[in-house]
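Trainee: Structure provided below as structure tokens; questions to follow.
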Amino acid sequence: MKNNFLYILLLFFLVNLSFNSELSKDQLEKIKEVTEGVNKAPDFTLKSIHSGIDSTYVLSTMTDKVILINFWATWCGPCRLEIPDFNELYNKYNKDGFEILSISISDTKEQLINFLKAYKIDYPILYEKQSIMQKIVMEYGGVYSIPMSFLIGKNNEIIRVYPGAILKQYDPNMYADLVYNIETSLNYKSIEKGLDLENKSE
């Protein structure tokens, strides 16, 4: 609802621009004000189970990371299918600043602990009581079906939304799109150029 209001305000200013040769300084400031943060991922603070250690993740403190936020649940079949591919992505890119935050929309801590006895998950699993989870789900536009993933760039900007399971084997195009956006956001081209220069100087 808030984003719709911001888009209406932006549209008003753009229409106004078409009738005036140029915008005033006040109008430009107002446009900047209403559009700032439109694509910002809603902040959250959630408890985590990761490598047998309890911790807390606060999204707004992770502005130096590229993050895949994955809404899921232990009872969701397609969500389970994503785990091996997500483990692979996490282990390949985590050292360069990539994180996966897997947010369980309905599981308790005990259910997640039991799930981890059967499934190996290398990345953090986040959870909270149901009232908090419902608020977060609504802030992300209402996650009406799972899995649903949001790729968040540095400064917590939403880059891409992936509805449905991201599976390398069954939907290679979606998987390739995710990999491309991860590498682009991590500035892999710059990293590769730097490595090339180092190799040439040796």
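The values are calculated or read from the model by the stated rules, or taken from the named source; none is laboratory data. Just so you know, these numbers come straight off a predicted model, no measurement behind them. Every residue, glycine among them, receives a Cβ derived from its backbone with ideal geometry; neighbour counts consider all protein chains shown. Surface accessibility is based on the protein's heavy atoms, side chains included, excluding ligands, DNA and RNA. Shrake-Rupley method; radii C 1.70, N 1.55, O 1.52, S 1.80 Å.
Trainee: Contour minus end-to-end for Leu81 and Lys47, with contour as 0.36 nm per residue of separation and end-to-end as the Cα-Cα distance?
Mentor: Details: separation 34, 0.36 × 34 = 12.24 nm, distance 2.35 nm.
Contour length minus the Cα-Cα distance gives 9.9 nm.
Trainee: At R0 = 22 Å, how high is the FRET efficiency between Tyr180 and Asp122 if r is their beta carbon distance? Nearest 0.05 is fine.
Mentor: Details: r = 22 Å, r/R0 = 0.99.
Once the sixth-power term is evaluated, E becomes 0.50.
Trainee: In the neighborhood of Lys92, defined by Cβ-to-Cβ distances under 13 Å, what is the net charge if each Lys or Arg adds +1 and each Asp or Glu adds -1?
Mentor: Details: positive: Lys95, Lys168; negative: Asp85, Glu88, Asp96, Glu99, Asp122, Glu183.
After counting each charged neighbour, the total is -4.
Trainee: Still on this model: Using 0.36 nm per residue of separation minus the Cα-Cα distance, give me the extension gain between Ile132 and Thr108 in nm, one decimal.
Mentor: On the way: separation 24, 0.36 × 24 = 8.64 nm, distance 1.25 nm.
Gain on extension, Ile132 to Thr108, equals 7.4 nm.
Trainee: What number, in percent, do you get for the relative contact order of the range 135-174 if the mean sequence gap of Cα pairs under 8 Å and at least 6 apart is divided by its residue count?
Mentor: Working: 35 pairs, mean separation 11.8, N = 40.
About 30 percent, as a whole number.
Trainee: With a point put 7 Å past each Cα toward its Cβ, work out how far Asn39 is from Ser60 in nm, to one decimal.
Mentor: Distance between label points: 2.1 nm.
Trainee: Go through the range 111-184 and name the trypsin sites (Lys or Arg not before Pro) that are in a DSSP coil and have 16 or fewer other Cβ atoms within 10 Å of their Cβ.
Mentor: On the way: sites: Lys117, Lys120, Lys129, Lys135, Lys154, Arg160, Lys168; in loops: Lys117, Lys120, Lys129, Lys168.
Qualifying residues, ordered by number: Lys117, Lys120, Lys129, Lys168.
Trainee: Report Glu88's accessible area, 1.4 Å probe, all protein chains in place, as a number in Å² to the nearest 10.
Mentor: In the full protein context, Glu88 sits at about 90 Å².
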